[in-house]
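*Asks:* Dropping a structure here in structure tokens format, bear with me for questions.
The values are calculated or read from the model by the stated rules, or taken from the named source; none is laboratory data. No experiment lies behind these values; they were computed from the predicted model shown. Because the Cβ atoms are built from the backbone with ideal geometry, glycine has one as well, and the counts that use them run over all protein chains shown.
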Amino acid sequence: MLVYQGTTEEFTRLNRLNRLADIMDENFHSLAGRHARAGEFASWQNSLSRVRDLIELAGLKDNYVALEYSVPYNASRIDCLLFGKGNTKGNVFLIELKQWSSVDSTPIEGNYVETYTGGGKRVVAHPSQQGKAIQKTA
């Protein structure tokens, strides 16, 4: 499943018009047969404007964005993928978005953090570790 795909220019325009989360929900409904949960919809509204800011600050014009990509043979979804081309080769950047209001370090080896998620304070993998796990299973 891929909930949204488009150019960085289209992504930033739809985001500025506050239409992107609605379009993603419509696409999600078409693909999954149900609308996104309220929390997921809110996370799209809150996080994707930050991605837009980064794209604009970096001056990315001729690039491509994919949102909520389901990893084959795995229950994981990648929040955001940015595709682009450097001078000689293509590049893909994986962005794992979080709605954490605070995060604390832990003494656990392997880059784990403690944050409020799923209704309570929990120890979870740092987003950079989550990206590595997705890469290994893809």
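*Asks:* Quick check: is even one residue across the stretch 2-17 out of contact with any strand residue (DSSP E or B) (no Cβ under 7 Å at 6 or more places or on another chain) and among the aromatic types (Phe, Trp, Tyr)?
*Replies:* Checked against the condition, which is being out of contact with any strand residue (DSSP E or B) (no Cβ under 7 Å at 6 or more places or on another chain) and among the aromatic types (Phe, Trp, Tyr), the stretch 2-17 yields no hits at all.
*Asks:* Does Ile55 satisfy the condition of being over 13 Å from Ala21 (Cβ atoms), of a type in the set (A, V, I, L, M) and part of a helix (DSSP H, G or I)? Give the steps one after another, and end with the answer.
*Replies:* Details: over 13 Å from Ala21 (Cβ atoms): yes; of a type in the set (A, V, I, L, M): yes; part of a helix (DSSP H, G or I): yes.
It is true that Ile55 is over 13 Å from Ala21 (Cβ atoms), of a type in the set (A, V, I, L, M) and part of a helix (DSSP H, G or I).
*Asks:* Scan the stretch 54-68 and tell me whether some residue there is surrounded by 12 or more Cβ atoms within 10 Å (Cβ to Cβ), of a type outside the set (Phe, Trp, Tyr) and touching a His at 6+ places or on another chain (Cβ under 8 Å).
*Replies:* No: the stretch 54-68 contains no residue that is surrounded by 12 or more Cβ atoms within 10 Å (Cβ to Cβ), of a type outside the set (Phe, Trp, Tyr) and touching a His at 6+ places or on another chain (Cβ under 8 Å).
Results for (1) hydrophobic (A, V, I, L, M, F, W, C); (2) at pLDDT 95 or above, shown as yes or no for each residue.
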| site | (1), (2) |
| --- | --- |
| Arg13 | no, yes |
| Phe28 | yes, yes |
| Arg37 | no, no |
| Ile78 | yes, no |
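*Asks:* Could you look through the stretch 11-26, keep only residues that are touching a residue at least 40 places away in the same chain (Cβ under 8 Å) and within 16 Å of Leu82 (Cβ to Cβ), and pick out the one that is nearest to the chain's Cα centre (by Cα)? Full working, then the answer.
*Replies:* First pass over the stretch 11-26, keeping only residues touching a residue at least 40 places away in the same chain (Cβ under 8 Å): 11-12, 24.
In the following step, the residues that additionally are within 16 Å of Leu82 (Cβ to Cβ) were identified as 11-12.
Values: Phe11: 13, Thr12: 15 Å.
Here the residue is Phe11.
*Asks:* Given the structure, is Leu82 closer than 25 Å to Ala125 by Cα, in contact (Cβ under 8 Å) with a residue 12 or more places away in the chain and touching a helix residue (DSSP H, G or I) at 6+ places or on another chain (Cβ under 8 Å)?
*Replies:* Criteria met by Leu82.
*Asks:* Scan the stretch 3-24 and give yes if some residue there is closer than 27 Å to Val124 by Cβ and assigned to a strand (DSSP E or B), otherwise no.
*Replies:* Yes.
*Asks:* I need the full set of residues from the stretch 88-117 which are out of contact with any strand residue (DSSP E or B) (no Cβ under 9 Å at 6 or more places or on another chain) and either outside the structural domain of Asn63 (by TED's automatic domain parsing) or aliphatic (A, V, I, L, M) (or both), in order please.
*Replies:* Matches in the stretch 88-117: Pro107, Glu109.
*Asks:* Looking at this structure, is Phe41 touching a His at 6+ places or on another chain (Cβ under 7 Å), modelled with pLDDT of 90 or more and either polar (S, T, N, Q) or crowded, with 16+ Cβ neighbours inside 10 Å (or both)?
*Replies:* no
*Asks:* Which of (1) more than 22 Å from Gly118 (Cα to Cα); (2) in contact with a Leu (Cβ under 8 Å, 6 or more places away or on another chain); (3) part of a strand (DSSP E or B) does Phe83 not meet, given it meets every other one?
*Replies:* Of the numbered conditions (1) more than 22 Å from Gly118 (Cα to Cα); (2) in contact with a Leu (Cβ under 8 Å, 6 or more places away or on another chain); (3) part of a strand (DSSP E or B), the odd one out for Phe83 is (2).
*Asks:* Residues of the stretch 1-38 being within 21 Å of Pro72 (Cα to Cα), among the aliphatic types (A, V, I, L, M) and surrounded by fewer than 20 Cβ atoms within 10 Å (Cβ to Cβ), which ones?
*Replies:* Listed by number, the residues that qualify are Met1, Leu2, Leu31, Ala32.
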